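Colleague: Dropping the structure in here first, questions after.
Rule-based calculations on the coordinates, nothing more; no lab input. Please read these numbers as outputs of a predicted model, since none were measured by experiment. Note: ideal-geometry Cβ built from the backbone for every residue, glycine included; neighbour counts use all protein chains shown.
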Amino acid sequence: MSKGRSKSKPKHVSGFVSILGRPNAGKSTLLNAFLGTKLAIVADKPQTTRTTVQGVWTKPGAQVIFVDTPGIHAADSLINRRMMQTISEALKDRDLLLYLIDVSSQPTESDEKALELVKKAGAPTIAVFNKVDRLSHKAHLLPIIEQYTKWHEFDEYLPLSAKTGEGLEELRASILKRMPSGPAYFPEDYITDQPERFMASELIREKILSSTRQEVPHSVAVLVDEWKDDGRLARISATIYVERAGQKAIVLGTGGAHLKAIGTAARLDMEKMLERKVMLSLFVKVSPKWRENEQFLKELDWRAMIGGATPRGGDSDDNEE
């Protein structure tokens, strides 16, 4: 019998962490920073994220399952109500919440109201004060922290720049120390539950969001109609839905130039994601009031994109290849 002490097996921790906050707080940028890859689309527009996006971070001895959520906002339409419902679902049975706060703008009554979701969830919550890179002086952060301290007693308060990575390692360490003992729920190389066709549709929508303004971003939906992939070349056909003819004209641009630029930018990102050549065809259709169409919204859910049909209808289409 050995006289030496038997070494205990290192503890493995794992847990589920939801990222929430007001629109444009930087939730998707933070998720991408955690994973070191582009998983969630990013745009400087409210409601860029319309559904939950799961990202899995695995390291020796730990696995954290992050869930990115839409921004907390007024549920004044069917699509907004569905988005708020997805947020509520993402708060159930969480080991930890990360509540992101945009420090480049001053706290408002809407920010205070949004905290009601955190209070109802009852899970341990870290207040993450994001976008500190936008502050001319770090002293400007103190009154914002003080205001949120008055509104809610968080478990920890951390400054961060998801864009530059400042404070990211401190946040990682704080998350890991709060994770319970548990197994690795997913293989080491697993990153997300999102199917490739959904991620492709989101890349197209991202390009539209970044190149349009006013009401167009809120009125755009993208669905993949066809996906043929032989391992060397992916042939993808997708339809961009808008609500009015004027919005269609904006997406198309003069002589279809804007649509062509959208398609080129999206195709390049898809080729990086898929690691092979992509042939992309885009179509634009008008579907009035699609944001209030329950069946259409069901088809937008990424779960319906796995081998499912996409909704048709609308006026004549235009395409770019």
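Colleague: So, R0 is 30 Å and r is the distance between the beta-carbons of ASP301 and ARG134; what FRET efficiency does that work out to, to 0.05?
Modeller: Between ASP301 and ARG134 the formula returns 0.35.
Colleague: If each residue's Cβ is checked for other Cβ atoms within 10 Å, how do LYS207, LYS260, LYS177 rank with the fewest at the top?
Modeller: Ordered by Cβ neighbours within 10 Å, fewest first: LYS177, LYS260, LYS207.
Colleague: When every alpha-carbon pair in the range 13-177 is counted, what percent end up more than 23 Å apart?
Modeller: Values: 4373 of 13530 pairs.
That tail contains 32 percent of the Cα-Cα pairs.
Colleague: Can you sort TYR148, TYR99 so the residue with the fewest Cβ neighbours within 10 Å comes first?
Modeller: TYR148, TYR99
Colleague: Can you tell me the FRET efficiency between ARG244 and LEU168 if r is taken as the Cβ-Cβ distance and R0 is 56 Å, rounded to the nearest 0.05?
Modeller: For ARG244 and LEU168, the calculated efficiency is 0.85.
Colleague: Once amide H atoms are placed 1.01 Å from N in the peptide plane, what residues at a sequence separation of 5 or more from ALA40, or on another chain, have their amide H within under 5 Å of its amide H?
Modeller: HN-HN under 5 Å from ALA40: ASN32.
Colleague: Taking the simple approach of a point 7 Å from Cα along Cα-to-Cβ for both ARG213 and TRP151, what is their distance in nm?
Modeller: Here the modelled spin labels are 2.8 nm apart.
Colleague: Kindly put HIS218, HIS258 in sequence by how many other C-beta atoms sit within 10 Å of each C-beta, fewest to most. Can you show the working numbers first?
Modeller: Values: HIS218 16, HIS258 19.
By the 10 Å Cβ count, ascending: HIS218, HIS258.
Colleague: For TYR185 and GLU226, FRET efficiency with R0 = 45 Å and r from the beta-carbon atoms, rounded to 0.05? Working shown, then result.
Modeller: Details: r = 33 Å, r/R0 = 0.73.
Efficiency computed from Cβ-Cβ geometry: 0.85.
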